[in-house]
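Shown next, in structure tokens, is the structure this report addresses.
All of the numbers you see were taken from the coordinates with simple rules; none came from a lab. Keep in mind it's a predicted model, so treat the numbers as computed, not measured. With ideal geometry, Cβ positions are generated from the backbone for all residues, glycine too; neighbour counts draw on all protein chains shown.
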Amino acid sequence: MAQYNSPILPQFTADFACNCLDKQVVMSKLTILRYPDSRLYTKAKPVSKVDDRIRQLAQDMAETMYDAPGIGLAATQVDVHEELIIIDISETRDALQVFINPKLVWTEGLAEREEGCLSVPGIYDKVRRAERIRVRALNLEGKPFELEAEGLLAVCIQHEMDHLLGKVFVQYLSPLKQTRIRSKLKKRQRETM
Ligand code: NI
């Protein structure tokens with residue numbers, strides 16, 4: 001996700017362990033798929049083993065996200081169809097969160113918020129999602145953790161988890177809006193070619 005209005009600070013549960021990456025390791029930038037690229041509709045498979053390959057993927061995705069710049073990125077967006085998402089909603093851009101094989105434990109309430117997406121550059125619109133969530137995932141050591149989130153973080157987690165299901169946020173909008181967005185992005189692509 002690229003940008004939001006009026007961010008609300010997330011609330012973390014005490015058992016949440018930060019899985020920050022070692023920034024000393026060499027990283028490389030990946031190409032982000034652009035909507036309506038059909039590869040964005042691919043359903044990701046669970047990560048079978050959290051190993052160096054997965055840690056390197058998370059590193060490369062982090063560099064790609066920070067460079068974009070964005071606050072979240074799903075592996076699907078870099079054409080890797082495994083269940084891995086990364087998020088950093090901090091203003092200081094130094095609080096990376098990695099979720100491997102994320103699952104929602106429960107959701108509560110509904111809230112509408114403006115969303116954007118690195119795969120749909122320059123497009124922002126309101127989407128209704130659960131207001132509060134509890135997510136279970138593995139960290140980069142392959143250890144399970146659970147996290148409760150609300151506000152921007154809850155939106156971001158749900159948005160990125162949708163990518164793993166092959167879903168882009170514009171698919172929540174009306175067919176007319178989706179058509180307009182597709183033609184706008186195609187026009188812009190032609191202009192920059
Ligand atoms: Ni996105």
When restricted to GLY166, GLY142, the only residue outside any strand (DSSP E or B), farther than 13 Å from GLY72 by Cα, away from the ligand (no atom under 11 Å from the Cβ) and in contact with a Ser or Thr (Cβ under 9 Å, 6 or more places away or on another chain) is GLY166
Run down GLY109, GLY166 and say which single residue is closer than 16 Å to ARG34 by Cα and among the small types (Gly, Ala, Ser).
GLY166
Single condition ALA137 does not satisfy, out of (1) crowded, with 20+ Cβ neighbours inside 10 Å; (2) away from the ligand (no atom under 14 Å from the Cβ); (3) closer than 22 Å to SER38 by Cα:
(3)
Among the residues of region 175-184, are any in contact (Cβ under 8 Å) with a residue 60 or more places away in the chain, more than 14 Å from the ligand (Cβ to nearest atom), more than 15 Å from ILE85 (Cβ to Cβ) and not polar (S, T, N, Q)?
yes
Only one of GLN178, GLN189, GLN171, GLN158 that is under 10 Å from the mean Cα position of the chain (by Cα), in a helix (DSSP H, G or I) and polar (S, T, N, Q):
GLN158
